[in-house]
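The values are calculated or read from the model by the stated rules, or taken from the named source; none is laboratory data. Note that the coordinates shown come from a computational prediction; the quantities given were computed from them, not determined experimentally. Cβ atoms come from the backbone with ideal geometry, glycine included; neighbour counts cover every protein chain shown.
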């Protein structure tokens, strides 16, 4: 089993390497580089451009080098903890990202917990009361949740929160706490604001998970071992918890790897709409202005999260399911 | 103790109710064994579910009563009137009435240990502390024949063989010492030797605990060896009921008579045909040509010869900290020759390597060594040496019929597409030809060509298997490998399919390699038979010689474990011993295979061979 985990960790390395190549190529795909788009922007504003300064910058950041070489420097830098320099902010990438990364992770984790807390009981109810009015009602709600675009929901929620709870519009905290040092009030303010993006980002994921959990549990409820349990005289509640739910958990855990990227990519758009101080808006502007090191580092971070999520779900699956933990394999 | 009076159960479908049971009445006395006999769909399982109060949600007891004398309370309860989820019913279920299901694979939860699942009913129904419960569970597992019960407590179902899983099911049902045990096809999925051991075990436990047994089965051989009384069901009604002697000695009802004629027996007259409950008509059309044997140029050479084929599987299993690797010799230097036009039977228990061998012959599995030569009448083809294009060409000569008619057909393809697919793959003929061919194939297996545009789910198991046979015949092969083609079918259907295969073999001049674990079936269909055990062929003989004079101890053990549907040939339960028969190391000299002494085939004349230690003399066999 340790072998299994070790092997999984080792396979993460080539996976991340390939992702880093893809990320770099995609960032470089649009014609030109940051400096060119910067010049174009300056010229459109009627400002003059100092050719010499541009040339100097180009050399300093190695933008005149071949792409392969640039990629190599970037990769080596990242391994040493140097994520490069953001042209747009004139700051090292790590400083630009800072708190925002933490807040992104916070929102993502809160969203996942929200998804589970809502999807789990509703999924179980729907499966055990198949074709009842409750099942139909919850399914309709679920489809609505799936179909509503996140940004629309975000606007509606912002309005409602402001009108009924007096929460300030946009952001993750009241304006006076921005850039303020961490304090209890700041945390409370974050919590007060947090629920809106969590609900917005989590809704479609929750709806999807309800459908999948319902379908999985329905399959398990038909299985012969459930009848066996019934034939032993188990009370219905205990029967449900001990057998079908336990097996359906497998899927639940396997879904973690799937959930992380959905939540994070869903969060980017919502973050722009709600002007959240997370990584979303920065990533978007960095991609637009070809601020390559900033964008690249973000994307790599997201990739790392995803790969890590899959690893966690694999390990949890092995813990949960003896067939994976103890099961043999045979070569053909 | 159990009395069922005029029980009627309906299944509610969309808008109407379909009766599943009508006017079913019978009773079970304390300590006796009642067998409920019938083919699938006859309502036997619904009856057992009604008794247990575990009917599916769309089923409903319309009328009748199920009276049960609860020995614990001394009360007589009508289960039909009890809410299936009430505390009282739950107390009866598992506490006083237990059930063993047919499928030991799916009836156990894959993620809970054996100990957990077996002890569960005990903790629910009896006052036992955790420690006591574990002790009792361990004792019960020992009782049902687990070699290492303490270890088994912590094992998961997937780590056990089919036989051991069924034992775990039995232990689970017996742990509360119920007064009535319902066994729903408890041995159908098992090999004959294991079946005999399980039947023996159930009898012993029954005698010891004085419990009544309601045995549900379609196997008349099992019935004649186990039952005191028999209830025959058909289409949800009781056709005939009475003591075993009376029913089997002098069956009155046509249905039971028909059922008895459909079962392959060992004492069939030469040339005697089985009479299926429902006969089918097969017609060969113009496109499906016969291949007269005498026109084959080189008819003398064996159609298929396999020599010295071996296959080893490497298994890895481990826990958190270690991985152990094990080698499993699935096929060990197997050699055999199949003559043109014969039906070659390959018999052995599950895991003996017969399916692996068939896959090696088909080139679906790559052997470690050995040679497979196919003779197509004019030249010899080395099957292992074929490259991709030659292999595709070769596939037209040899085809395969699968065991499970349910998973062998793509549920999303119509029968027409299924039958046409081989023709499309091999680019045979135009659309008109293919349409004509599929029509003929349907007629050939006795199905109405109008069904061509239906999907597999609208066919019964027997019909699906016939579609599988038609697909195998689409390319007009000369040799067909049949891997347990009737083991998933009811006895009544089994005879149908066996007769069909027999007729087709005659008409089309086919060579068949027929794999089965059922000796009676092999006896009915095969000309020559090879007995396989643990990857080796231990005895090879023409059918009559094998059944009249089995030499190898394993063959003998197999033969003695078959339950016969005749009262005059009861199973000798005393002779059934644990495990020794299929352990090559425990066979008596000179049959012992311990991996050290080389073995060879000894010819006993008339094509009868038996595997013995090298250098043995025929006189050694006498002992």
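The residue that is nearest to residue A:317 (Cα to Cα), counting only those in segment B:111-144 that are touching a helix residue (DSSP H, G or I) at 6+ places or on another chain (Cβ under 9 Å) and part of a loop (DSSP other than H, G, I, E, B), is B:111.
Residues in segment B:170-217 that are under 17 Å from the mean Cα position of the chain (by Cα) and in a loop (DSSP other than H, G, I, E, B): 7 in all. Screening residue B:309 against (1) over 23 Å from residue B:489 (Cα atoms); (2) at pLDDT below 90; (3) in contact with a helix residue (DSSP H, G or I) (Cβ under 9 Å, 6 or more places away or on another chain) leaves a single unmet condition, (2). Condition check for residue A:295 on (1) within 11 Å of chain B (Cβ to nearest Cβ); (2) crowded, with 22+ Cβ neighbours inside 10 Å; (3) part of a helix (DSSP H, G or I): one failure, at (1). Based on this model, can you work out whether residue A:127 counts as more than 26 Å from residue A:172 (Cα to Cα), in contact with a helix residue (DSSP H, G or I) (Cβ under 9 Å, 6 or more places away or on another chain) and buried (at least 21 other Cβ atoms within 10 Å of the Cβ)? So residue A:127 fits the description; yes.
Okay, residues lined up against (1) within 22 Å of residue B:508 (Cα to Cα); (2) touching a helix residue (DSSP H, G or I) at 6+ places or on another chain (Cβ under 7 Å):
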| site | (1), (2) |
| --- | --- |
| B:339 | yes, no |
| B:348 | no, yes |
| B:364 | no, no |
| B:367 | no, yes |
| B:386 | no, yes |
| B:399 | yes, yes |
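Among the residues of segment A:235-257, are any crowded, with 21+ Cβ neighbours inside 10 Å and under 21 Å from residue A:151 (Cα atoms)? No, segment A:235-257 has no match at all.
Considering only residues in segment B:115-137 that are within 30 Å of the chain's Cα centre (by Cα) and away from chain A (no Cβ under 11 Å), the one that is surrounded by the fewest Cβ atoms within 10 Å (Cβ to Cβ) turns out to be B:115.
The number of residues in segment B:453-477 being out of contact with any strand residue (DSSP E or B) (no Cβ under 6 Å at 6 or more places or on another chain) and not in a helix (DSSP H, G or I) comes to 7. Applying the condition of being in contact with a helix residue (DSSP H, G or I) (Cβ under 6 Å, 6 or more places away or on another chain) and in a strand (DSSP E or B) to segment B:218-238 and asking which residue is surrounded by the fewest Cβ atoms within 10 Å (Cβ to Cβ) yields B:234. Being out of contact with any strand residue (DSSP E or B) (no Cβ under 8 Å at 6 or more places or on another chain), free of Cβ contacts under 8 Å to residues at least 40 places away in the same chain and either buried (at least 16 other Cβ atoms within 10 Å of the Cβ) or over 30 Å from residue A:215 (Cα atoms) (or both) is not true of residue A:100.
Residues checked against (1) under 28 Å from residue B:29 (Cβ atoms); (2) buried (at least 21 other Cβ atoms within 10 Å of the Cβ); (3) in contact (Cβ under 8 Å) with a residue 40 or more places away in the chain; (4) within 14 Å of chain A (Cβ to nearest Cβ):
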residue	(1), (2), (3), (4)
B:144	yes, yes, yes, no
B:155	no, no, yes, yes
B:159	no, no, no, yes
B:162	no, no, yes, no
B:166	yes, yes, yes, yes
B:175	yes, yes, yes, yes
B:183	yes, yes, yes, yes
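Against the numbered list (1) more than 14 Å from every other protein chain (Cβ to nearest Cβ); (2) crowded, with 22+ Cβ neighbours inside 10 Å; (3) at pLDDT 80 or above, residue A:279 comes up short only at (3). Within segment A:31-61, the set of residues being within 30 Å of the chain's Cα centre (by Cα) and surrounded by fewer than 12 Cβ atoms within 10 Å (Cβ to Cβ) comprises just one member, A:31.
All conditions but one from (1) at pLDDT below 80; (2) within 14 Å of another protein chain (Cβ to nearest Cβ) apply to residue A:272; the one that does not is (2). Residues in segment B:69-81 that are within 14 Å of chain A (Cβ to nearest Cβ) and surrounded by 16 or more Cβ atoms within 10 Å (Cβ to Cβ): B:70, B:79.
Take the residues in segment A:117-134 that are part of a helix (DSSP H, G or I) and without any contact (Cβ under 8 Å) to a residue 12 or more places away in the chain; name whichever of them is farthest from residue A:209 (Cα to Cα). Spell out the reasoning first.
The initial filter retains those residues of segment A:117-134 that are part of a helix (DSSP H, G or I), namely A:117-128, A:133-134.
Okay, now just the ones that are also without any contact (Cβ under 8 Å) to a residue 12 or more places away in the chain, so A:117, A:121, A:133-134.
On the way: A:117: 11, A:121: 11, A:133: 20, A:134: 17 Å.
The selected residue is A:133.
Considering every residue within segment B:39-60, establish whether at least one is within 9 Å of chain A (Cβ to nearest Cβ), more than 26 Å from residue B:224 (Cα to Cα) and more than 35 Å from the chain's Cα centre (by Cα). No, segment B:39-60 contains no residue that is within 9 Å of chain A (Cβ to nearest Cβ), more than 26 Å from residue B:224 (Cα to Cα) and more than 35 Å from the chain's Cα centre (by Cα).
Would a scan of segment A:106-115 turn up a residue that is in contact with a helix residue (DSSP H, G or I) (Cβ under 8 Å, 6 or more places away or on another chain), under 19 Å from residue A:274 (Cα atoms) and not in a helix (DSSP H, G or I)? No, segment A:106-115 contains no residue that is in contact with a helix residue (DSSP H, G or I) (Cβ under 8 Å, 6 or more places away or on another chain), under 19 Å from residue A:274 (Cα atoms) and not in a helix (DSSP H, G or I).
Is it fair to say residue A:178 is exposed (fewer than 15 other Cβ atoms within 10 Å of the Cβ) and either in the same structural domain as residue A:103 (by TED's automatic domain parsing) or over 25 Å from the mean Cα position of the chain (by Cα) (or both)?
Working: exposed (fewer than 15 other Cβ atoms within 10 Å of the Cβ): yes; either in the same structural domain as residue A:103 (by TED's automatic domain parsing) or over 25 Å from the mean Cα position of the chain (by Cα) (or both): yes.
Yes, satisfied.
Residues in segment B:322-360 that are crowded, with 23+ Cβ neighbours inside 10 Å and either free of Cβ contacts under 8 Å to residues at least 40 places away in the same chain or not in a loop (DSSP other than H, G, I, E, B) (or both): 12 in all. Among the residues here, residue B:179 does not qualify as at the interface with another protein chain (Cβ under 9 Å from one of its Cβ atoms), touching a strand residue (DSSP E or B) at 6+ places or on another chain (Cβ under 9 Å) and under 20 Å from residue B:216 (Cβ atoms).
Of all helices (runs of 4 or more DSSP H) completely enclosed by segment A:215-265, which ones contain at least 3 residues that are more than 7 Å from every other protein chain (Cβ to nearest Cβ)? Explain how you work it out, then say what you get.
Details: elements: A:224-231, A:236-242, A:244-254.
Here the list reads A:236-242, A:244-254.
You will find that of A:318, A:286, the residue that is within 14 Å of chain B (Cβ to nearest Cβ) and buried (at least 19 other Cβ atoms within 10 Å of the Cβ) is A:318 and no other.
Determine if segment A:196-207 includes at least one residue that is part of a helix (DSSP H, G or I) and under 27 Å from residue A:236 (Cα atoms). Yes, the conditions are met somewhere in segment A:196-207. Residue check: is residue A:159 loosely packed, with under 11 Cβ neighbours inside 10 Å and in a helix (DSSP H, G or I)? Considered against the rule, which asks whether it is loosely packed, with under 11 Cβ neighbours inside 10 Å and in a helix (DSSP H, G or I), residue A:159 comes out as no. Scanning segment B:95-114 for residues that are closer than 19 Å to residue A:242 by Cβ, within 28 Å of the chain's Cα centre (by Cα) and either within 9 Å of chain A (Cβ to nearest Cβ) or surrounded by fewer than 23 Cβ atoms within 10 Å (Cβ to Cβ) (or both) gives B:98, B:99, B:101, B:106, B:107, B:108, B:109, B:110, B:111, B:112, B:113.
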